[in-house]
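Structure record follows, encoded as structure tokens.
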Amino acid sequence: MSTVTTAQAAASGRDAPAPLDQVDRRILELLGEDGRMSIATLAERVGISRAGAYSRMERLRADGVLEGFSARVRPARLGLGITALVLISGRQPAWRTLRAELARMPEVEYCAFTTGEYDALILVRAPNVETLRDVILERLQASETVRATQTIFVLDEVVRRPYVLPG
């Protein structure tokens, strides 16, 4: 079984953007606001037939644009009042191992591997500073895959979108 990188997939067209018209964009916009919206309500708000809305949703799923539906939660209401961005310098070439370690950490909401001075950026949500300290000092910095970290506390989050739509 061969492993296909993101660059190879993009070059082969498998990750090529699906063509979206204004109706598709409006459907995605409305679903971003309320993923539980019924097909009938969606059709009405977009201005198309119910069958048209259903077939477009199915096409968006088949094209891989829609991967599923999820709930958005407010972390602070769950007791996760501490949010931090952590920049990570990894040991080369252990990024796959680091990726697996980060994926197993329940406090990591988001992870991106990057170019530049740092190899990865993670968004950590924790109930308190002690838990954040444990994530950074006991787990990340103790890992053989991590050379160094830099932590940035998030004081306020201004924009939370489920996704960004193309122009």
Over 10 Å intervals from 0, what percent of Cα-Cα pairs in segment 20-72 sits in each interval?
26, 63, 11
Cα centroid of segment 120-136 to Cα centroid of segment 24-78, whole Å
33 Å
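Arranged by the count of other C-beta atoms within 10 angstrom, fewest first, what order do 48, 39 take?
Values: 48 17, 39 14.
So the ranking, lowest neighbour count to highest, is 39, 48.
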How tilted is helix 22-33 with respect to the longest principal axis of the chain? Cα atoms for both, answer in degrees (0 to 90, nearest 10).
50 degrees
How far is helix 50-62 tilted, in degrees, relative to the longest principal axis of the Cα atoms in the chain, given as a value from 0 to 90 rounded to the nearest 10?
40 degrees
Expressed to two decimals, the chain has a Cα Rg over Rh, using the Kirkwood radius, of 1.05
Approximate spin-label separation residue 164-residue 138, in nm, with each point projected 7 Å along Cα-to-Cβ:
3.6 nm
How much net charge surrounds residue 84 when only the other residues with a Cβ under 14 Å from the Cβ of residue 84 are counted, with Lys and Arg +1 and Asp and Glu -1?
-3
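Given a Förster radius of 25 Å and the C-beta distance between residue 51 and residue 21 as r, what FRET efficiency does 1/(1 + (r/R0)^6) yield to the nearest 0.05?
After rounding, the FRET efficiency stands at 0.90.
For segment 75-153, what is the convex hull volume of its Cα atoms per residue in Å³? List each step's numbers first, then the result.
Details: hull volume 6.0 nm³, N = 79.
Enclosed volume per residue, from the Cα hull, is 76 Å³.
Rule-based calculations on the coordinates, nothing more; no lab input. Values in this document were obtained by computation on a predicted structure and should not be read as measured data. A quick note on method: Cβ atoms are made from the backbone with ideal geometry, for glycine too, and the neighbour counts reach across all protein chains shown.
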